[in-house]
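The values are calculated or read from the model by the stated rules, or taken from the named source; none is laboratory data. Here the structure is a predicted model, which is why all the values come from computation and not from measurement. With ideal geometry, Cβ positions are generated from the backbone for all residues, glycine too; neighbour counts draw on all protein chains shown. Heads up: the accessible areas ignore ligands, DNA and RNA and are worked out on the full protein's heavy atoms, side chains in. Shrake-Rupley method; radii C 1.70, N 1.55, O 1.52, S 1.80 Å.
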Amino acid sequence: MTVTQQMITVAVVVAGTMLTRFLPFLLFPAGKTTPKYIQYIGKVLPPAVFGLLVVYCLRNVSIFEGSRGIPEFIAIGAVIVLHVWKRQMLLSIAGGTILYMVLVQIVF
């Protein structure tokens, strides 16, 4: 890439980031009521993303070959326990990911 192309690329990335950060505040100002469909999307989308991630992560797991499936299901159990216990999404995801990596690298 030439210097000009790099500058254009950085400018486009910055503009895209700024647009996605500022656009919600422009569309839905503080004094105005948020539309019902946006509130619905905000309520329904996080569980849908979790469901999508579970399906994506488990799509190639075979419980009939070697130890495949055991570390995944132990990590899923840990995520569920952590989330029920602490109710913090980041802690649940990080804890399950770390446990899975330890299981795969050291145990299995």
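Among the residues of region 24-70 satisfying the criterion of being of a type in the set (Phe, Trp, Tyr) and assigned to a helix (DSSP H, G or I), which is surrounded by the most Cβ atoms within 10 Å (Cβ to Cβ)?
From region 24-70, those of a type in the set (Phe, Trp, Tyr) are 25, 28, 37, 40, 50, 56, 64; that's our starting set.
Among the residues that remain, those that are also assigned to a helix (DSSP H, G or I) are: 25, 37, 40, 50, 56.
On the way: Phe25: 9, Tyr37: 8, Tyr40: 10, Phe50: 15, Tyr56: 9.
Result: Phe50.
With the structure loaded, tell me whether Ile41 is farther than 19 Å from Gly96 by Cα and aliphatic (A, V, I, L, M) or whether it fails that test.
On the way: farther than 19 Å from Gly96 by Cα: yes; aliphatic (A, V, I, L, M): yes.
Yes: the conditions hold for Ile41.
Filter region 61-84 down to the residues that are more than 12 Å from Tyr100 (Cβ to Cβ) and modelled with pLDDT of 85 or more and list them by number.
Ile80, Val81, Leu82, His83, Val84
Any idea how many residues of region 71-108 are open to solvent by 90 Å² or more (accessible area, probe 1.4 Å), of a type in the set (Val, Ile, Thr) and closer than 15 Å to Val54 by Cβ?
1
Note down all Cβ pairs under 9 Å where the first residue falls in region 53-78 and is more than 16 Å from Ile106 (Cα to Cα), the second is among the aromatic types (Phe, Trp, Tyr), and they're at least six residues apart or on different chains.
What qualifies is Leu58/Phe73; Val61/Phe73; Ile63/Phe73; Ile76/Tyr100; Ala78/Tyr100.
Six or more apart or on different chains, Cβ atoms under 9 Å: show the pairs whose first residue is in region 1-19 and open to solvent by 90 Å² or more (accessible area, probe 1.4 Å) and whose second is at pLDDT 95 or above.
Met1/Thr9
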